Structures are given as structure tokens and as C-alpha cells.
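Computed from the coordinates by the stated procedures, all read-outs in this text should not be read as laboratory data. Please read these numbers as outputs of a predicted model, since none were measured by experiment. Methodologically, a virtual Cβ is constructed for each residue, glycine included, from the backbone with ideal geometry; neighbour enumeration extends over all protein chains shown.
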Amino acid sequence: MATVYIPTSLRRLTQGSARLASDAADVGALLGWLDEAFPGLGAELFDADGNLHRFVNVYVNNRAIDELQGFETILEREDEVAVIPAISGGQTNGASPASGRFTPQQAVRYSRHIILPEIGGVGQRKLLNAKVVLIGAGGLGSPAALYLAAAGVGTLGVVDFDDVDLSNLHRQIIHGHANVGRPKVESARDRLADINPDTTVVPHTEALTSENAMQILDQYDIVVNGSDNFATRYLVNDAAYLLNKPLVDGAIFRFDGQATVFMPGQGCYRCIFPSPPPPGAVPSCAEAGVLGVLPGMIGVIQATETIKLILGLGHPLVGRWLLYDSLEMEFREIKLQRDPECPLCGDNPTIRALIDYEVFCGAPMAATGG
Ligand SMILES: [Zn+2]
């Protein structure tokens, strides 16, 4: 005898019973029995064509039947079937990204992901449920955001207070000519909405500061750093560590790029560079120039690492500092280790809260997004 769990919203149709016993041989037979034995219940589960409503999910032992054999899933003794409709507040006209079933359009849009055994429907749902924040909608944030949205990452926060400038367009490919003068977060949101309506873009049209960083970053699972100044870089590093969030880091300068992933407790930016260079010692992209295509390479590496982290796939770029020399077309990988002396993530940390990064770096929080 399998049992069926009936959620509270449907119990009015089962005389209040939360669990029903059934000797049905498979899921299809069990659903058919529910339809016949409990007037009204069938209409809650099936549409006029006899298909399950898109807003109803069926699980066997907490696994979606899509992952099993669907209606043909054999039921054995002590199996528990659960019939779970979207609850009030969810979308009932088509699957929401958070729900377990794909709309027909989603099934097509993500078909090349879903067909990969390493991703499948389960992985695609993880992407749809993931929340990623991009620090900067500039050179690195542009390609990262485009690919993360295309991949179906469900929530993308974008932090940038700057407006699109004509001089941005040779590398910040999320922004178009028509958007010069508009806030970058608005330009980015419009572009991402066109790429994938499944992605909710959360605009943060403000500079990231010690006052707001914890509150903003805490809303997300993963932080992607596309900042172009040391003050913001240290701020993001410290906030991500203090919040215990993975930080997918990237940086560009002239013809060189760098990328790595900092997992809390496995090293941080301060382990490599305990303190910033003196103000003015390292020029910005605005001062020194940058090859326009360069951030594309690094931003796509950041997007790749982010997707891998969401899916738990492969070997992340943790403990490895990837250096890219576009002129030689060379990649170099340097081993990174957590520094026990690190003031943030070391054995005796002295930084336990965010500090004043403009004072620390002797430089202002310039616009993000080089
Ligand atoms: Zn550290």
C-alpha cells in the first residue's frame, strides 16, 4: 500500500484526510483513483485533456515524477506520493521559475541544458532558483549578466550607480548606443528582459558602500565581482566573506585579465593582497586603457564559474588564480592558499565588520564596472 499525501489546500475534497492509502500499481493509476474516489479532486489535478495542470507537481518519496518514470512510475509498499499544487501567491497560469515544472517554452529554451545529463531538468531548476548579484554592469558585468540570464539564472541583482557613457560601449556589451546617458542598471535590465523573461533583474542603482553592502549582498547566493577600483574590491571581498557567500572575482587591466573564486574559509583577496597599492600607483582603465574584448573573456569565465557553483559541477576556480595575457594568448594558473595571517579570513582576524574603504585605499569608490 502506497500512501498519498494531500496538502491542506486539497483536504476539503478528501474529508480532511491528510494521508490516503492506495493499492494502485503506478502513479497514473493512483491519480485516476483519486479522480474517481474524491469528486472535485480530479479537476484540481487535471486539465480538460486529462493532463496534469502545469501548476501541480507529483512526487514519489520527494522526487518529482518527471525525474522518475512519470505516470508509469511503479509504486511499492511504503512509497509516499505527494500531490502538490502551487500555493496561493505562486503563479497558477503557467509554471513559475520556482515551481517544479517547466512551461513548454522553458522546455524548449533550456533544451540544450536539459539534455546534458550533468544538468538535466534538476540542474535547470537550480539555475532558475539561483540568485546572483553582479557588482557593476560594466566590462565584466556585461558578458557575465548576458550569459547568466541566457542560462536561466532566475534572479540577477545588478549594482551600479553609473550612467552609460559612449566610451563604455567598446567593451560593455550589455549596453547599446541608444542607451547612452541612461542608468546602466536600467539599460542592463531592459537588455536582460529581452534575452530571457524568466530572469528577474533586481536593480540596485546606488554605489556599494559599507552601509549597504551587507544588506544587498545578503539577498543573493553568489557574488560576481566586476568592480574596477580597489575600494570596492576590498569592500566586496570583506562583505562576501563576512556573509559566507562565494565570490567569483575578476579583474582587467590593459591587455591582462585575472579570475578566481573565493570560497569562504579557503582564502580571500586579502590573502593575496593584504593592502591596496598606494593611490595612483595603479592607473584605472579610464587612465590606462583596456582592450575592449578583454573583459569578455574574463566575464565569461566568471559566468562559467558561477553556473558551475550553482550546479555543483566540475572543479571550481578555487585556490587557483587564473591569469590571462591576451597579447601572448597565454593562461597561467597560480596556486592560492588561505593565509593564516590574513586580517580577514586568517586565524586571528582583526577585521570583523566592514571598514571605511575609501580611507583604507586612500581613493574614492569610483564607478564600478571598468
Ligand atoms: Zn584572506
**Study point:** Computed lengthening from Glu341 to His170, 0.36 nm per intervening residue step minus Cα-Cα distance
**Key:** 57.5 nm
Point to revise | Order of Leu116, Leu52, Leu317, Leu31 under a 10 Å beta carbon neighbour criterion, fewest first | key: Leu116, Leu52, Leu317, Leu31
Point to revise | ³J(HN,Hα), Karplus 6.51/-1.76/1.60, whole Hz, each residue of the stretch 258-266, x for Gly, Pro | key: 9, 8, 7, 10, 9, 9, x, x, 10
Point to revise | Fraction of beta bridges assigned by DSSP in the chain that are antiparallel (%, nearest 5) | key: 55 percent
Review point. What is the dipole size for the chain, taken about its Cα centre, with +1 at each Lys and Arg Cβ and -1 at each Asp and Glu Cβ, in debye to the nearest 20?
Key: 60 debye
Review point. Tally Lys and Arg at +1 and Asp and Glu at -1 over the other residues with C-beta under 12 Å from the C-beta of Gln172: what net charge comes out?
Key: -2
Review point. What is the chain's relative contact order, in percent, from Cα pairs under 8 angstrom and six or more apart in sequence?
Key: 15 percent
Practice item. In nm, give the distance between the simple-model label positions of Asp194 and Ser9, each being 7 Å from the Cα along the Cα-to-Cβ direction. Key: 3.6 nm
Practice item. Mind ranking 53-66, 232-245 by how tightly packed they are, going by the mean number of other C-beta atoms within 10 angstrom, highest first? Key: 232-245, 53-66
**Study point:** the stretch 2-92, relative contact order [Cα under 8 Å, separation at least 6], %
**Key:** 37 percent
Check your understanding: What helices in the chain pass both tests, a Cα length along the helix axis of 20 Å or more and a mean Kyte hydropathy of 0.0 or higher, using whole DSSP H runs?
Key -> 294-311
Review point. Under a plain spin-label model, where a point goes 7 Å from the Cα along Cα-to-Cβ, how far apart in nm are Val282 and Met329?
Key: 2.8 nm
Practice item. Work out the length of the dipole vector of the stretch 151-197 about its Cα centre, built from +1 on the beta-carbon of each Lys and Arg and -1 on the beta-carbon of each Asp and Glu, and round it to the nearest 20 debye. Key: 120 debye
Review point. Given a Förster distance of 22 angstrom, what is the FRET efficiency for Ala150 paired with Glu67, based on the Cβ-Cβ distance and rounded to 0.05?
Key: 0.35
